[in-house]
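The values are calculated or read from the model by the stated rules, or taken from the named source; none is laboratory data. Note that the structure is a prediction, hence the values are computed from the model and not measured. With ideal geometry, Cβ positions are generated from the backbone for all residues, glycine too; neighbour counts draw on all protein chains shown.
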Amino acid sequence: MRRGLLAGVFSLVLIAIAVTYVVVAGHRNAAPAAAASAVDASPGDRILFRSTAAASYGRAATVARAAPAGTRTVSALDCNRLYEAAGVGICLRPDGPLATYQLAILDAHLAVKDTYPMVGVPNRARVSPSGHVLAWTVFVTGDSYNGGKFSTRAGMLDVATGQTVDTLERFAVTRDGKPYQAVDLNFWGVTFVDDDHFYATMSTAGKRYLVAGDIAAQTVRTLAENVECPSLSPDGTRIAFKEAVGGNPNHGWRLSVLDLATMRRTHLAETRSVDDQAAWYDNGTVMYAVRRGTRNSDVWSVPADGGGQPAILIPDAESPAALWSN
């Protein structure tokens with residue numbers, strides 16, 4: 001990873017969600033605005049998620065895997081997107097009244113250990129299996145090639161060393177076996193193999209690719225087309241992803257699973273358009289959010305082998321993470 005953080009403090013006045021660039025910048029220590037010590041997010045038989053229920057909207061919460069639709073334990077922590085692994089969490093959340101945001105590092109009780117100012121609208125978040133490396137994706141505007149439309153930025157932070165990858169766009173790209181450079185590179189939806197290897201989505205020239213990345217070497221290489229928002233299975237053999245219908249995101253997405261050994265794709269029984277980075281409930285089940293209007297959503301589950309039927313797993317929820325013990 002690149003050593004050190006970008007210096008400076010950004011003072012932004014944003015109209016709506018007009019933003020210009022993404023970095024993690026100006027590290028500062030901060031105590032949580034509201035402690036969440038009553039919530040246990042350590043590895044165990046629970047699911048962490050973002051509540052969309054009216055009484056606890058936006059707050060991080062957990063439920064027992066044995067009764068995911070039952071009683072939930074709600075924290076005082078507000079997040080736009082969150083994830084957890086090995087007792088370390090990431091929370092992407094608002095930072096003040098001017099549509100600015102921050103990355104908060106969480107402990108096993110969802111208490112905030114540290115924060116980093118961040119520019120961009122939160123979209124995706126992941127943690128490596130060891131809990132050592134955090135990844136995020138945000139929406140930004142201002143790229144000259146994109147005509148004022150939204151682009152994405154993806155970055156990483158090693159919580160032990162403080163080293164960062166400010167944007168994956170700095171990595172050397174190999175596309176179809178050949179070195180590739182372009183001004184329109186976009187990355188999003190990181191999922192980790194370990195602390196040094198990952199998968200993500202890369203877009204360029206109107207196409208979207210699954211890429212395999214190496215953090216130490218700062219390289220990515222394409223593996224397959226039309227694979228977005230990958231999520232690696234606990235056994236490391238498959239990737240759940242959303243596949244643009246007919247190769248065109250304007251037609252919606254089909255939730256699918258890719259076998260990494262054979263590169264065979266399996267469409268799952270969920271036929272609604274799923275615009276989410278799915279997560280794994282276990283090695284045989286995928287979970288994901290389905291929107292109900294502009295604010296509400298539910299977490300659903302579906303078998304990863306293409307059989308069965310989708311079912312609601314956690315009502316009034318999104319951004320799930322299984323807190324299993326390794």
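Some observations on this one:
- Where Gly293 falls short, out of the listed (1) surrounded by fewer than 16 Cβ atoms within 10 Å (Cβ to Cβ); (2) on the phi < 0 side of the Ramachandran plot; (3) at pLDDT below 95: (2)
- No other residue among Asp194, Asp235, Asp184 is without any contact (Cβ under 8 Å) to a residue 60 or more places away in the chain, of a type in the set (D, E, K, R) and within 24 Å of Ser130 (Cβ to Cβ) apart from Asp235.
- Those residues of the stretch 50-71 which are more than 18 Å from Gly131 (Cβ to Cβ), in contact with a Ser or Thr (Cβ under 7 Å, 6 or more places away or on another chain) and crowded, with 21+ Cβ neighbours inside 10 Å, in sequence order: Arg50, Thr52, Arg59, Ala61
- Residue count, the stretch 55-69 (criterion: free of Cβ contacts under 8 Å to residues at least 24 places away in the same chain and aliphatic (A, V, I, L, M)): 4
- Exclusive hit being small (Gly, Ala, Ser), out of contact with any Lys or Arg (no Cβ under 7 Å at 6 or more places or on another chain), part of a loop (DSSP other than H, G, I, E, B) and at pLDDT 95 or above, set Ala160, Ala99, Ala182: Ala182
Per-residue answers, yes or no, for (1) part of a loop (DSSP other than H, G, I, E, B); (2) modelled with pLDDT under 95; (3) in contact with a helix residue (DSSP H, G or I) (Cβ under 8 Å, 6 or more places away or on another chain):
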position	(1), (2), (3)
Gly155	no, no, yes
Trp188	no, no, no
Asp195	yes, no, no
Ala200	no, no, yes
Ala212	no, no, no
Val220	no, no, yes
Pro230	no, no, no
Pro234	yes, no, no
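- Some residue of the stretch 187-195 being of a type in the set (Asp, Glu), within 18 Å of the chain's Cα centre (by Cα) and closer than 20 Å to Ala86 by Cβ: yes
- Here Ala311 does not qualify as in contact (Cβ under 8 Å) with a residue 40 or more places away in the chain and touching a strand residue (DSSP E or B) at 6+ places or on another chain (Cβ under 7 Å).
- Qualifying residue in the stretch 52-62 (condition: at pLDDT below 95 and either of a type in the set (Val, Ile, Thr) or within 20 Å of Trp300 (Cβ to Cβ) (or both)): no
- Candidates Ala240, Ala261 - the one that is exposed (fewer than 14 other Cβ atoms within 10 Å of the Cβ) and not β-branched (Val, Ile, Thr): Ala261
- The number of residues in the stretch 263-294 being out of contact with any strand residue (DSSP E or B) (no Cβ under 9 Å at 6 or more places or on another chain) and either within 26 Å of Trp324 (Cβ to Cβ) or not β-branched (Val, Ile, Thr) (or both) comes to 1.
- Note on the stretch 280-290: residues that are touching a residue at least 24 places away in the same chain (Cβ under 8 Å) and either buried (at least 21 other Cβ atoms within 10 Å of the Cβ) or outside any strand (DSSP E or B) (or both) total 7.
- Looking across Ala224, Ala240, one residue alone is of a type in the set (Gly, Ala, Ser), part of a strand (DSSP E or B) and more than 17 Å from the chain's Cα centre (by Cα). It is Ala224.
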